[in-house]
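Undergrad: Sharing a structure with you now.
The values are calculated or read from the model by the stated rules, or taken from the named source; none is laboratory data. None of the values given here were measured: they were computed from a predicted structure. Here the Cβ positions follow ideal geometry from the backbone for every residue, glycine too, while neighbour counts run over all protein chains shown. Please note that ligands, DNA and RNA were not included when accessible areas were found on the heavy atoms of the full protein model with its side chains. Shrake-Rupley method; radii C 1.70, N 1.55, O 1.52, S 1.80 Å.
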Amino acid sequence: MVESKTEISVEALRSGNREEFARMVDAYSGPIYRLALKMLGIPADAEDVLQNTFLKAFQHVKDFEGRSSLSTWLYRIASNEALMLIRKKRPEVTLSDISPENDDNSDYSPAQFIDWHPLPEAEFLSSESQSIMDSAVQHLPENQRIVFILRDIEGLSIQETGEALNLSEAAVKTRLLRARLRLREELSVYYGERLKKGEKNERG
Amino acid sequence: MSEVKDPKCHALLGSLSDYVDGTLSEELCVEIDRHVAECQDCHIVVDTLRKTISLYHDSASGNLECPEAVRERLFKTLNLNDYIRH
Ligand SMILES: [Zn+2]
């Protein structure tokens, strides 16, 4: 997350300064909305999460102790809101869904071995490619999805991701690895096809 | 489609994130370098994993603002209308 040019004053926030709160909203609404949209995939849901995040931040800023950075604190609220909304919308949760780690390695070992990484850059910038990437993220279990978004899309460190999600660094790393490998599998299926198509066109 | 069979390939999996992030101990890093140089499947996994991560990373570099209408409703919900900048 980009810290705003003039540092936002936590003191002013805690004393109820509305102008400072507005500056915080300006600085962080973009990244928080993006996190919510990547997490939920539906703009209306993302907007709910965005609004609830800042409403809660407004209510609780008095208690913000500054042990983590302001951005990590906001990501923490937003992550909770997003996960709560996902679980609320899916009431038929089974035990295996909420167990912290599903430890079978079936979703872990690579099965796709096509080297698509040298595809022309234009392939990766197409809108079809973008929507494949977004839906691949949507297919991740939510506890991996949130870790991947915070770490690899929003660019938090492993430690900050752990702070935002109340997870140990080891747990963050495990989920991150699984998420990355799963996404690689899914992208390999799509880009592998694109690669084959390109080769066929070159021959034919 | 084949599954990874070689136990070496499987052992490498757990360290892949640290390997591509460059946060692995030098000793382990050298060991993986050596394996990847010889094992084509692992070589592909490493290259495409790196590419996967960088594609997602790059996809987030633009559009940091939320849509204008969303932003306006947010300021209204928070009673911050007086401070909205256009
Ligand atoms: Zn190998």
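Undergrad: Which of the GluC sites (Glu not before Pro) found in the stretch B:5-86 are in a DSSP loop and have at most 15 neighbouring Cβ atoms, other than their own, within 10 Å?
TA: B:Glu65
Undergrad: Treating only the Cβ of Lys, Arg, Asp and Glu as charged (+1, +1, -1, -1), what charge dipole size does the stretch B:7-83 show about its Cα centre? Round to the nearest 20 debye.
TA: The calculated dipole for the stretch B:7-83 is roughly 360 debye.
Undergrad: Kindly state, as a whole number, the per residue volume in cubic angstrom of the convex hull around the alpha carbon atoms of chain A.
TA: For chain A, the hull spanned by Cα atoms encloses 148 Å³ per residue.
Undergrad: Considering every residue in B:8-18, what mean count of other chain Cβ atoms within 10 Å of its Cβ is obtained?
TA: Counting Cβ atoms of other protein chains within 10 Å of each residue's Cβ and averaging gives 3.
Undergrad: For each cysteine in the protein assembly as shown, check whether another cysteine's C-beta sits under 4.7 Å from its C-beta; list those where none does.
TA: B:Cys9, B:Cys29, B:Cys66
Undergrad: For a Förster distance of 25 Å, can you work out the FRET efficiency between the beta-carbons of A:Glu65 and B:Asp82, rounded to the nearest 0.05?
TA: Calculated value: 0.30.
Undergrad: Can you give the accessible area of A:Lys200, probe radius 1.4 Å, in Å² rounded to 10?
TA: We get 140 Å² for A:Lys200.
Undergrad: Then there's this: Could you work out how far apart the two model spin labels at B:Ser25 and A:Gln138 are, taking each label as a point 7 Å from the Cα in the direction of the beta carbon, and quote it in nm?
TA: Distance between the two pseudo-spin positions: 4.3 nm.
Undergrad: If you don't mind, there's one more thing I want to ask. With r as the distance between the Cβ atoms of A:Lys89 and A:Ser109 and R0 = 45 Å, compute the FRET efficiency 1/(1 + (r/R0)^6) and round to 0.05.
TA: Result of the calculation: an efficiency of 0.90.
Undergrad: So what is the 222 nm mean residue ellipticity for chain A from helices alone, if each DSSP H run of at least 4 adds -39500 (n - 2.57) and you divide by all residues, rounding to the nearest 500 deg cm²/dmol?
TA: The helix contribution divided over chain A gives -21500 deg cm²/dmol.
Undergrad: Among A:113-120, A:145-152, what's the highest-first ranking by average C-beta atoms within 10 angstrom per residue?
TA: Ranked from most to least packed, the peptides come out as A:145-152, A:113-120.
Undergrad: Here's something else I'd like to know. Compute, for B:Ser61, the solvent-accessible surface of its heavy atoms (probe 1.4 Å) with the complete set of protein chains present, and express it in square angstrom to the nearest 10.
TA: About 90 Å², rounded to the nearest 10.
Undergrad: I've got another one for you. From other protein chains only, count the Cβ atoms within 10 Å of every residue's Cβ in A:46-56, then give the mean.
TA: Per residue, the number of nearby Cβ atoms from other chains is 3 on average.
Undergrad: Still on this structure, please answer the following. Working from Cα positions, state the angle (0 to 90°, nearest 10) between the long axis of helix B:68-77 and the longest principal axis of chain B.
TA: With both axes taken from Cα atoms, the answer is about 60 degrees.
Undergrad: Given Cβ point charges of +1 (Lys, Arg) and -1 (Asp, Glu) and nothing else, what value in debye, to the nearest 20, does the dipole of the protein assembly as shown about its Cα centre take?
TA: That gives the protein assembly as shown a dipole magnitude of about 760 debye.
Undergrad: A follow-up question, please. So, by mean Cβ neighbours within 10 angstrom, what's the order for A:25-36, A:157-168 with the highest one leading?
TA: Highest to lowest by the protection proxy: A:25-36, A:157-168.
Undergrad: A further question follows. When Cβ neighbours within 10 Å are restricted to other protein chains, what is their mean count per residue of peptide B:70-80?
TA: 6
Undergrad: Right, next: Rank A:Leu165, A:Leu119, A:Ile149 by how far each Cα sits towards the positive end of the charge dipole of the stretch A:102-203 (+1 on Lys, Arg Cβ; -1 on Asp, Glu Cβ) and give me just the farthest.
TA: Value computed over the given set: A:Leu119.
Undergrad: If you put +1 on each Lys and Arg Cβ and -1 on each Asp and Glu Cβ, how big is the dipole of the stretch A:102-203 around its Cα centre, in Debye rounded to 20?
TA: Result for the stretch A:102-203 is approximately 240 debye, rounded to the nearest 20.
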